[in-house]
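What follows is a single structure, written as structure tokens, with notes after it.
The values are calculated or read from the model by the stated rules, or taken from the named source; none is laboratory data. The structure presented is a predicted model; accordingly, all values stated were derived computationally and were not measured. We place every Cβ from the backbone using ideal geometry, glycine too, and count neighbours over all the protein chains shown. For accessibility, only protein heavy atoms count, side chains too; no ligands or nucleic acids. Shrake-Rupley method; radii C 1.70, N 1.55, O 1.52, S 1.80 Å.
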Amino acid sequence: MRTLENAARRWGFYRVAGCDEVGRGCLAGPVVAGAVILDPDCHIPGLADSKTITAAERERLHDIITRKALAWSVAWAEPEEIDTINIHQASLQAMRRAVLAIAPLPDIVLVDAFRIPDLEIAQRGVLHGDRRCAAIAAASIVAKVTRDRLMARLGAAHPGYGFERHMGYSVPEHFAALAKLGPTIHHRRSFAPVAAAYGDPVELEDLPAASLAL
């Protein structure tokens, strides 16, 4: 998983950051991005796409990554911003913020799937990057654990929604809570199931495509 990073270093880029986001398809909570510069001299066994490993393993790796990486950061976009500019643009903004929060800045950024707009740093979009690149996998783990911890806190603040279990994703428990309790301020009003719970008229063709990928 370090082939792309090693290649970038051979090209003269030393501080190679990986960047990824989590929470695009959720009905509630922010979309969270992580950016990580791994130490080339410090191998971290077990790095993998955050979606493919257990919660306990993510927690373990998160603590190792944040302790041993050369630099790391997280950033996010809240539901209000997601509703204003759509989930795809909000995800890109969260990734941009995460990258720019690293000090000193990376020499190059390897981004899962996309390129980040308005980023004056060399970058490369890597398809399935969280499976192919250690730094992107590390970023996905840091972002996922950060978001899960936040959703657990929201679950405690809003009992009955089950945020601490489903993390805001589209699952039957979440739909049932929306029907019974209505949306919270942490729900994404532009997403069709939430709009319906608010009683807003929903024209699917008027919603951003990413908002319908639930």
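The stretch between ALA157 and ASP41 holds 37.6 nm of extra length on full extension. This uses 0.36 nm per residue minus the Cα-Cα distance. DSSP finds beta bridges in the chain, and of those with both partners inside it, around 60 percent are antiparallel. Computed over protein heavy atoms with a 1.4 Å probe, the accessible surface of the stretch 65-214 works out to 48 Å² per residue. In the chain, taking the dipole from charged Cβ atoms about the Cα centre, the farthest positive-side position among ALA137, THR184, ALA196 is held by ALA137. The protection proxy used here, the mean number of other Cβ atoms lying within 10 Å of each residue, ranks peptides 2-13, 163-174, 29-40 as follows, highest first: 29-40, 163-174, 2-13. When the accessible area of the stretch 26-90 is split by element with a 1.4 Å probe, what percent falls to carbon and sulfur? Ligands and nucleic acids excluded, carbon and sulfur give 54 percent. Compared with the direct C-alpha span, the chain from ARG24 to GLU120 gains 32.1 nm at full extension, assuming 0.36 nm per residue. Computed extension gain for VAL171 through LEU127, at 0.36 nm per residue and net of the alpha carbon distance, reaches 13.1 nm.
With N as its number of residues, the stretch 113-187 has a Cα radius of gyration that, divided by 2.2 N^0.38 Å, comes to 1.46.
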